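To start, the structure under review is shown below, and the notes come after it.
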Amino acid sequence: MVRRIRKIPQASLFRVAIAALVLSGCPKRFDPRADTITSSPDPSADNEYHEAKARLDGGNYREAETRFTAFLEKHPTDQLVSSAQIGEARAALKLGEAAKAKEVLEAVKLPAQSSDPVTEATRARVNFLLGLALHRTGDYQRSRNLLQPFSAQIAAGDDAVELHAVLADSSAHIGESELALREYSLFFESGKPAEREYVKDKVSDLVDHLPATEVDRLWQALPPHSVAVAFLGKRIAADKRAAGDLQGARAVLDASRGAREAAGLESEKKAKDVKLSRAIGCIFPLQGKGRALGERALRGALLAADLAPGQTLATGLPIELWVRDSKSDPARAADAVVELAKEGALAILGSPDRLESQAAAEQALALGIPFIELAPDDKRRDGTIVKLVRPRPPSAQALAKAAVAAGAKSVAILAPDSSYGRSMAEALAHAIRSEGAKVAVDLRYADSATSFVEPVKKIKAANVDALLIPAPASQLQLIAPQLASSGIQSMPNLKSTGPSVKLYATAEGMNDRFLESTQKYLEGAVLMPLYYSDPNEPRIAAFLERYRGAYKEEPSGLDALAFDAVKVLRQTIDQIAQEDLQRTPIWSGIAATHQIGITGEIGFGSGGERSGAPLLYKIEGGQLHPLK
């Protein structure tokens, strides 16, 4: 019996071969740019299609889009129609026209089911691009559904990077945390430096908002050296630290060190000939414009190290402070980090000046030396950097929660027109809305203003329940009397002319003199200073006694902040035997810190930002009391 072998036409062989390459690559890799149909029997149509595609491949997206549109109008039945639609959609995406790309792709006519490999290869290209378009138009669920099958089979290159980035973001939007973290980790592996920083921000934020049970599950489920595990380890360590399990926190940090190193979060570079000492480096401006800040920080640091004038009673094992004068120069501050690292300092306390601190922090990160920032810093740094000044959003959230918990449904915000005032006002507005209340009026005043008549009138007319003022005590001292005179804020023993408004303020720099002169205008107000010399709090009373004895004056918030920083470092160093002194366990100990300091609860989140609730105080009967 003779078996007949059917001869396959050459055109069909070509179609099958191209489809196989698109679907599987070499081996099994999907290339979204590989055409499934590349030619037309109509010479005119064939030429016009390839002219359009040449523009697309050359980056002239507007011209390509125009030519593909013209092709589709002129040749609506040609076999290159689906390829032209895909080309038009790709050009539209490059031009930021996601809605148009979505419309074009959804108009591609393909049978619902087909065994034809060319049809299925075309469907794959359409679904890939449609998934990207749907992400940009906000349809995250459909975007995720279309893109997820390509994750494991896409060919390496720019399209793969975009796929992992988009799939991660779509998954995060719909609450699929595991898929989001897997895809962010894949994005991180192939991303450029700026993209990697973006991924670290996204992963850190996602991990920080996960339930604890989900964090534990994902810690076990995800690849051990992924960027996701780097941040999951920091979150678990922070949670264990908050629960008092310091040993467990350190164990988790040790287990995830490889992931942190791979993510660039821990890059210690130790000089083999450097002998480390029980010494903390301090970089303060002791000359120049920042001198007053530097001297304040130095006083607090010396007191915490038992090195202040007249100190005779040690509060722990001896510690050295190696002080370097930045002379108010950021470049000198960065150079001082290198010098201190070479000399063997275990950790460094940064300048209270923002620019100096940022310059020094970058250098410390490069060298892998533990570094505590005393200055506000909004930039995410990770690695061996922690920040003692709380970020503005959680501080704003604490104030907003207090206002809404007291019954506020409509609030006003009055802030100085300064960098701090604007950013804090924005954070407060977001926090108030997230708590379910509304912002009725949001006002600014000149940072140098002494009269507030106009904004006070607008606040009174808004008929709000609460007023939030992110301003230092020196400005609040000027604002408060005008609030009282307008009837917005009630005064003790005086009949109110209308409903009073509850006041919430940051009142940074608040002290006893401020209270003596202003408390009568602020009855019932809730204040949130970084530090207040509360004589009724035993820890603060002891600090006050020692500070006054050493320096014969009152401490400031910066004194207290530097004191807390050195205490954190000193207690961390005390837990490590002299023969085992290394910077990595010092950093692990700092990251696992959980204690109550002079400036309140001290802990650090997975991104190095200070965690723990800020202290809130309420003025009642002319006295300031911690808010319960």
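Which whole-number percent is the relative contact order of the chain (Cα, under 8 Å, 6+ apart)? Present the calculation step by step, with values, prior to reporting the outcome.
Values: 1118 pairs, mean separation 63.3, N = 628.
That works out to 10 percent.
Please give the Cα centre distance for the range 98-117 versus the range 51-81, rounded to the nearest Å.
So the separation of the two Cα centres works out to 17 Å.
Taking Cα atoms, how many degrees apart are the long axis of helix 81-94 and the longest axis of the chain, rounded to 10 and kept between 0 and 90?
20
Any idea how far the Cα center of the range 540-603 sits from the one of the range 143-201, in Å?
41
Note down, for the range 519-627, the three equivalent ellipsoid semi-axes (square root of 5 times each alpha carbon gyration tensor eigenvalue), biggest first, whole angstrom.
For the range 519-627, the ellipsoid semi-axes come out as 32, 17, 9 Å.
Treat every Asp and Glu Cβ in the chain as -1 and every Lys and Arg Cβ as +1, leave all other atoms uncharged, and give the resulting dipole magnitude about the Cα centre to the nearest 20 debye.
Result for the chain is approximately 660 debye, rounded to the nearest 20.
Could you tell me what percent of the DSSP beta bridges with both partners in the chain are antiparallel, to the nearest 5? Walk me through the numbers on the way to the answer.
Numbers: 13 of 45 bridges.
Given both bridge residues lie in the chain, the antiparallel proportion sits at roughly 30 percent.
Quote the Stokes-Einstein diffusion coefficient, in whole µm² s⁻¹, for the range 123-254, based on the Kirkwood radius over alpha carbon pairs, a temperature of 37 °C and a viscosity of 0.692 mPa s. Write out the running numbers ahead of the final one.
Details: Rh = 15.3 Å.
Answer from the Stokes-Einstein relation: 214 µm²/s.
With the full set of protein chains in place, find how many percent of the accessible area of the chain is carbon and sulfur; take the probe as 1.4 Å.
52
Can you give me the distance in nm between label points at R33 and S517, each placed 7 Å from the Cα along the Cα-to-Cβ direction?
So the label points at R33 and S517 sit 6.8 nm apart.
Taking only the alpha carbons of the chain, what extent do you get along each of the three principal axes, in Å, biggest first?
111, 71, 45 Å, listed from the longest principal axis down.
Over 21 Å between C-alpha atoms is what I'm after, so list which of K458/K520; K74/K100; K438/K460 land there.
Long pairs (Cα-Cα over 21 Å): K458/K520.
Taking the Cα-to-Cβ direction at R548 and at L307 and moving 7 Å from each Cα, how far apart do the two end points lie in nm?
2.6
List the aspartates and glutamates whose Cα lies under 13 Å from the Cα of K289, skipping any in the same chain that are fewer than 8 positions away.
Cα-Cα hits under 13 Å: D325, D329, D353, E356.
Short version: ³J(HN,Hα) in whole Hz for each residue of the range 141-155, in order, from phi by Karplus 6.51 cos²θ - 1.76 cosθ + 1.60 (θ = phi - 60°), x for Gly and Pro, what are they?
5, 5, 4, 4, 5, 6, 8, 4, x, 8, 4, 8, 10, 6, 5
Before rounding to the nearest 500, sum -39500 (n - 2.57) across all DSSP H runs of length at least 4 in the chain and divide by the residue total; then give [θ] at 222 nm in deg cm²/dmol.
Details: 25 runs with 327 residues, N = 628.
Rounded to the nearest 500, the figure is -16500 deg cm²/dmol.
Rg and Dmax in Å for the range 377-427, alpha carbons only: what are they?
Spelled out, the Cα radius of gyration and Dmax of the range 377-427 are 13.7, 42 Å.
Solvent-accessible area per residue for the chain at a 1.4 Å probe radius, Å²?
Ligands and nucleic acids excluded, the figure is 45 Å² per residue.
If you fit an axis through the alpha-carbon atoms of helix 392-405 and take the longest principal axis of the Cα set of the chain, what angle between them do you get, 0 to 90°, nearest 10?
70
The values are calculated or read from the model by the stated rules, or taken from the named source; none is laboratory data. All values derive from a computational prediction rather than experimental measurement. With ideal geometry, Cβ positions are generated from the backbone for all residues, glycine too; neighbour counts draw on all protein chains shown. Calculation scope for accessible area: heavy atoms of the full protein, side chains included, ligands and nucleic acids excluded. Shrake-Rupley method; radii C 1.70, N 1.55, O 1.52, S 1.80 Å.
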